[in-house]
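Working notes for the structure below.
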Amino acid sequence: MRGKRTGTVPAAVASAATFRPLSPARWHDVERLFGARGACAGCWCMYWRLSARQYADGKGERHRRAFHRLVAEGSAHGVLAYVGGTPVGWCAIGPRTSFPRLAGSRVLAPVDDKPVWSVVCFFIARGHRRRGLSVGLLDAAAACAARHGARLLEGYPNEPRKKAMPDAFAWTGIAASFTRAGFEECARRSPGRPIMRRPLPGR
């Protein structure tokens with residue numbers, strides 16, 4: 001069942017932001033948003049796509065080239081958020097099987113044998129954080145996944161025990177944002193790490 005929304009994206013953000021699916025033509029927007037640091041410490045959205053050793057060995061330029069290749073091939077999926085034509089947010093999605101790191105996680109092991117798409121990370125530019133933009137990104141991600149034939153969208157957010165969580169720990173999202181975007185918890189193997197799902201409409 002789809003979860004009941006407990007809130008909405010703040011009106012100022014909802015009216016100002018637009019959301020677009022990732023495409024090769026938008027690669028320069030990805031570079032502009034991720035900046036010189038490659039989003040988070042040179043990750044270039046490669047963390048879930050590689051083994052721990054591969055990830056550690058490739059931080060920075062190697063990850064940038066690898067992610068660019070995936071985008072150019074059309075095998076990387078996600079959505080970008082724009083405000084005034086400027087890219088300000090990113091949400092990575094794709095079939096769970098395209099993120100090998102998930103397979104080795106005890107906490108995030110598959111809940112069942114249903115085919116799912118996964119929301120694995122967010123990156124939101126400074127000055128646009130903590131304004132509800134992640135809820136809009138999740139709604140856009142659900143629409144994007146559905147267009148690709150997905151029927152379930154799954155996420156792995158954190159549920160902070162305190163009201164505030166440092167941005168560095170929020171890159172997989174916050175549970176409250178997922179709830180507001182219509183996700184429901186379906187498993188929890190660690191106190192602060194629920195697995196949440198949103199069913200997607202069929203064609």
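Any idea how far apart ARG189 and ARG126 come out in nm if each label point goes 7 Å out from Cα toward Cβ?
Distance between the two pseudo-spin positions: 3.6 nm.
Going highest first, how would you order 118-130, 93-105 by mean Cβ packing within 10 Å?
118-130, 93-105
If I model a spin label at ASP113 and ARG53 as a point 7 Å from the Cα along the Cα→Cβ vector, what separation in nanometres do I get?
Here the answer is 3.2 nm between the modelled labels.
With only alpha-carbon atoms in the gyration tensor, what are the semi-axes of the equivalent ellipsoid for the chain, in Å, largest first?
23, 21, 17
For HIS148 and ARG37 in one chain, what is 0.36 nm times their gap in residues minus the Cα-Cα distance, to one decimal in nm?
Full extension from HIS148 to ARG37 adds 36.9 nm.
Under the definition of Cα pairs under 8 Å and six or more residues apart, what whole-number percent is the relative contact order of the chain?
25 percent.
Assuming a viscosity of 1.306 mPa s and a temperature of 10 °C, what translational diffusion coefficient in µm² per second does Stokes-Einstein assign to the stretch 103-156, Rh being the Kirkwood radius over Cα pairs?
Translational diffusion coefficient: 124 µm²/s.
Here, each number is a calculation from the coordinates, and none is a lab measurement. Worth saying up front: this structure is predicted, and the values here are computed from it rather than measured. Here Cβ is always computed from backbone atoms with ideal geometry, including for glycine, and neighbour counts include all displayed protein chains.
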